[in-house]
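A.B. asks: Sharing a structure here in structure tokens format.
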Amino acid sequence: MTVHTGRHFLQIPGPTNVPDRVLRAMDMPTMDHRGPEFAVLGFEVMAAIQRVYRTKQPVIIYPSSGTGAWEAAIVNTLQPGDKVLMCETGQFAVLWRGIAEKFKLDVDFIPGDWRHGADLEQVEARLSADKAHKIKAVMIVHNETSTGCVTYPQEVRKILDNVKHPALLMVDTISGLGSLEYEHDAWGIDVSVAGSQKGLMLPPGLGFNAISEKALAVAKANPAMRSYWDWHEVIAINKAGTWPYTPATNLLMGLKEAVKMLEEEGLENVFARHKRHSAATRAALKAWGLETQCQEQGAHSPALTGVVMPEGHDADQFRKVVLESFDMSLGTGLNKVKGKMFRIGHLGHFNDLMLMGTLAGVEMGFDLAKVPHRAGGVNAAMDVLKKRDGAMAPKAAVA
Ligand code: PLP
């Protein structure tokens, strides 16, 4: 086995690198989750995550992965037979459809080519044709982590409002929250699903549901079976600063520190940093002569970039060379794009030199794996990062 020195480069689009400060905050004895000390932490993290979501509404924090938080969104608001509208933006949309179908929802899945955001023209057409309001929810993946294409939830809200459709707007922002602009209240989102292991810079293990008043009312009237995921049970006990079951205490300690870090940098600066790294990565791809998986202008993800391999070259073979040679993990292509593309994560706790190390590892890997490309990607990215003024430069850090 090769012994690597220095830090492993974890450049998958989540789980992301956990800052040392967050690791230290979690490195604490477990505590009494019914005691007064815990309630202080409980209230702090509930308020902190509301600020990240930009909501005054309740945010449920589950000890779960993101998929659990999706299931929670579904079982609270919908019942078997309900019709829902989804868009095939990539693997995560496909997985969300799978869960919905297991709960016997009637899914209208608008097809997509995994290279664009959601087909909003089709969303509008389906919603305006639905005069009887049979569609109970529109479910969108904000940042499609399998492809690197963004769908803007505020655009979907505009459509719903324009056609005066009462369907709930449910958004998977599992890899969006904390990396891309997100406004749960201002954008009129009914349920926003997130997870801890992406822009929030924590290990996996927390799932989140931010909920509108309308979604809460729908849930109250919804007879569908649920227990662990029931919003109202959690909200009732949250009033005492704790949860109906044992919460993930040490992850909550980490969440408090992670939100503190995001707020010290300033969320706007965090979002600008991600956009800048995404632009530098795309400049590298352009110089290498390679395609981004996302082909929609304006929909390129600030959080990750999907790289399409030249015909006849296997992305996973390339990733293996990079892992063995440089101790760097790149994201695999999922499902129908497996082997055809790989993903570079540039989200979470990340900076310019980490990006340069990542892109240098990719460029050297191309040489070693004999993947046809032009030289100069790393230099092109450096040219973007060297610009310290104008729109691409990070704003002054918050004191
Ligand atoms: N949705 C998106 C956009 C994701 O990126 C992921 C995980 O990467 C999921 C859903 C599933 O989340 P989890 O693996 O935490 O269950």
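A.B. asks: How tilted is helix 377-386 with respect to the longest principal axis of the chain? Cα atoms for both, answer in degrees (0 to 90, nearest 10).
C.D. replies: Taking Cα atoms only, the helix is inclined about 70 degrees.
A.B. asks: On to the next question. Once both axes come from the Cα atoms, what is the angle between helix 153-162 and the longest principal axis of the chain, in degrees from 0 to 90, rounded to 10?
C.D. replies: Computed tilt is about 50 degrees.
A.B. asks: Nearest 500 deg cm²/dmol is fine: what mean residue ellipticity at 222 nm does the chain get from its DSSP H runs of n ≥ 4 alone, each adding -39,500 (n - 2.57), divided by its residue count?
C.D. replies: On the way: 13 runs with 164 residues, N = 399.
Helix-only estimate at 222 nm: -13000 deg cm²/dmol.
A.B. asks: Here's another thing I want to ask about it. So what does the Cα-only Debye profile of region 269-399 read at q = 0.14, 0.18, 0.20 Å⁻¹, as log10 I(q)/I(0), no solvent term?
C.D. replies: -0.59, -0.96, -1.17
A.B. asks: For LYS56 and GLU296, calculate 0.36 nm times their separation in residues minus their Cα-Cα distance, and state this gained length in nm to one decimal.
C.D. replies: Contour length minus the Cα-Cα distance gives 83.1 nm.
A.B. asks: From the phi angles alone, apply the Karplus equation (6.51, -1.76, 1.60; θ = phi - 60°) to region 361-372 and give each ³J(HN,Hα) in whole Hz, x where the residue is Gly or Pro.
C.D. replies: These are the phi-based 3J(HN,Hα) values: x, 5, 5, 5, x, 4, 4, 5, 8, 6, 8, x Hz.
A.B. asks: Please give the length that would be gained between ALA221 and ASP161 if that part of the chain were fully extended, namely 0.36 nm times their separation in residues minus their C-alpha to C-alpha distance (nm, one decimal).
C.D. replies: My answer for the length gained is 19.3 nm.
A.B. asks: Which cysteines does the chain leave without a neighbouring Cys Cβ under 4.7 Å?
C.D. replies: CYS87
A.B. asks: Given points 7 Å out from each Cα along the Cα-Cβ axis, report the MET261 to SER329 separation in nanometres with one decimal.
C.D. replies: The two pseudo-label positions are separated by 1.7 nm.
A.B. asks: For the pair GLN79/ASP130, report the inter-label distance in nm, with labels modelled 7 Å from Cα in the Cβ direction.
C.D. replies: If labels sit at GLN79 and ASP130, their model points lie 1.8 nm apart.
A.B. asks: Using R₀ = 41 Å, calculate the FRET efficiency as 1/(1 + (r/R₀)^6) where r is the Cβ-Cβ separation of ALA236 and ASP20; round to 0.05. Could you put the intermediate results ahead of the total?
C.D. replies: Numbers: r = 37 Å, r/R0 = 0.90.
So, using R0 = 41 Å, E works out to roughly 0.65.
A.B. asks: By how many nm would the segment from LYS214 to ALA39 grow when fully extended, if each residue of separation counts as 0.36 nm and the alpha-carbon distance is taken off?
C.D. replies: 60.2 nm
A.B. asks: Here's a follow-up. Lysines within cross-link reach of LYS260: Cα-Cα under 17 Å, excluding same-chain residues under 8 positions apart?
C.D. replies: LYS260 reaches LYS198.
A.B. asks: Could you list, in their original order, any pairs among LYS275/LYS386; LYS56/LYS256; LYS134/LYS158; LYS102/LYS340 whose Cα atoms are separated by more than 22 Å? Each step should come with its number before you reach the end.
C.D. replies: Details: LYS275/LYS386 15 Å; LYS56/LYS256 18 Å; LYS134/LYS158 19 Å; LYS102/LYS340 29 Å.
The pairs that break the limit, which is 22 Å between Cα atoms, are LYS102/LYS340.
A.B. asks: Which of ARG374, ARG54, ARG226 moves most in a GNM of the chain, Cα contacts under 10 Å?
C.D. replies: ARG226
A.B. asks: Ok, one more. Provide the descending list of Cα extents for region 20-263 along its principal axes, expressed in whole angstroms.
C.D. replies: 55, 37, 30
A.B. asks: Out of THR173, THR16, THR242, any idea which swings most in a Gaussian network model of the chain, alpha carbons joined below 10 Å?
C.D. replies: Checking each option, the largest mean-square fluctuation is seen for THR242.
A.B. asks: Still on this structure, please answer the following. Expressed as an acute angle from 0 to 90° and rounded to the nearest 10, what is the orientation of the C-alpha long axis of helix 36-53 relative to the principal long axis of the chain?
C.D. replies: 70
A.B. asks: Normalised by the number of residues in the chain, what is the relative contact order in percent for Cα pairs under 8 Å and 6+ residues apart?
C.D. replies: Contact order relative to length: 22 percent.
A.B. asks: To continue, here is another question. Using the Cα centre of the chain as the reference point, and only Cβ charges (+1 on K/R, -1 on D/E), how large is the resulting charge dipole? Debye, rounded to the nearest 20. Spell out each step's value before the answer.
C.D. replies: Working: 43 positive and 44 negative charges, 26 e Å.
It works out to roughly 120 debye.
A.B. asks: Related question: What percent antiparallel are the DSSP beta bridges of region 20-263, to the nearest 5?
C.D. replies: 40
Values quoted throughout were computed directly from the atomic coordinates according to the rules given, and no laboratory measurement underlies them. Predicted, not measured: the structure shown is a model, and the values here were computed from it. Don't worry about glycine lacking a Cβ; one is built from the backbone with ideal geometry, like all the others, and counts go over all protein chains shown.
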